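Down below is the structure, laid out as structure tokens.
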Amino acid sequence: MSDLSELYQELILDHNKNPRNFRKLEGANRSAEGFNPLCGDKLTLYLKLENGVVADISFQGSGCAISTASASLMTTTLKGKSIEETEALFENFHRLLTGHSADTARLGKLAAFCGVSEFPVRVKCATLAWHTLRAALEGQGEAISTE
Ligand code: ZN
């Protein structure tokens, strides 16, 4: 457990305990559901897109600390970002999680998940919200799974 506890940094714990934007979004024009069967994480993502920009974003669901904190931090990071910026951030975040060189300055608080790269099974927890976001952006109605 000592290795794993290192991964649960203060920021992650805080966002797990008090997830930001944890609600159903009134006026959402996109939504998608995501499920990570490896861990049992599930979430619904709500998105309000206006002229290719994330005007508002929220989520609901249940899962482990990593998945909840990741979804929470993702929503706080993406408000006001364009779809292109969102895709670039996801790519950057994924590089961080898989141990590749990432632009941590650009990632801001998302860099708190760097420890996840030492726990490959947790990468799916940390990326669930992002995969679900991508599904919402692509307008896929059906539930997505990380498998
Ligand atoms: Zn999980």
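The values are calculated or read from the model by the stated rules, or taken from the named source; none is laboratory data. The structure displayed is predicted, hence computed values, not measured ones. Cβ atoms come from the backbone with ideal geometry, glycine included; neighbour counts cover every protein chain shown. Heads up: the accessible areas ignore ligands, DNA and RNA and are worked out on the full protein's heavy atoms, side chains in. Shrake-Rupley method; radii C 1.70, N 1.55, O 1.52, S 1.80 Å.
Taking the stretch 93-113 as the range and being among the hydrophobic types (A, V, I, L, M, F, W, C) and either exposed (fewer than 14 other Cβ atoms within 10 Å of the Cβ) or on the phi > 0 side of the Ramachandran plot (or both) as the test, only Ala105 passes.
Are any residues in the stretch 114-136 open to solvent by 70 Å² or more (accessible area, probe 1.4 Å) and more than 16 Å from the ligand (Cβ to nearest atom), and if so, which ones? Talk me through it step by step, then tell me what you get.
Within the stretch 114-136, the subset open to solvent by 70 Å² or more (accessible area, probe 1.4 Å) is 118, 120-121, 134.
Within the stretch 114-136, just Arg134 meets the criteria.
Residue check: is Ser62 open to solvent by 10 Å² or more (accessible area, probe 1.4 Å), under 19 Å from Leu13 (Cβ atoms) and either within 14 Å of the ligand (Cβ to nearest atom) or in contact (Cβ under 8 Å) with a residue 12 or more places away in the chain (or both)? It is true that Ser62 is open to solvent by 10 Å² or more (accessible area, probe 1.4 Å), under 19 Å from Leu13 (Cβ atoms) and either within 14 Å of the ligand (Cβ to nearest atom) or in contact (Cβ under 8 Å) with a residue 12 or more places away in the chain (or both). Listed here are the strands (runs of 3 or more DSSP E) enclosed by the stretch 1-114 that have at least 3 residues being in contact with a Phe, Trp or Tyr (Cβ under 9 Å, 6 or more places away or on another chain) and of a type in the set (Phe, Trp, Tyr), and there are none.
Taking only pairs six or more apart or across chains, which ones have beta-carbon atoms under 9 Å, a first residue in the stretch 23-44 that is over 15 Å from Arg122 (Cβ atoms), and a second residue that is within 10 Å of the ligand (Cβ to nearest atom) and part of a loop (DSSP other than H, G, I, E, B)? So the pair list comes out as Gly34/Thr146; Phe35/Thr146; Lys42/Gly63; Leu43/Gly63. All of (1) surrounded by fewer than 21 Cβ atoms within 10 Å (Cβ to Cβ); (2) in contact (Cβ under 8 Å) with a residue 40 or more places away in the chain; (3) under 15 Å from Leu45 (Cα atoms); (4) more than 16 Å from the ligand (Cβ to nearest atom) hold for Thr146 with one exception: (4).
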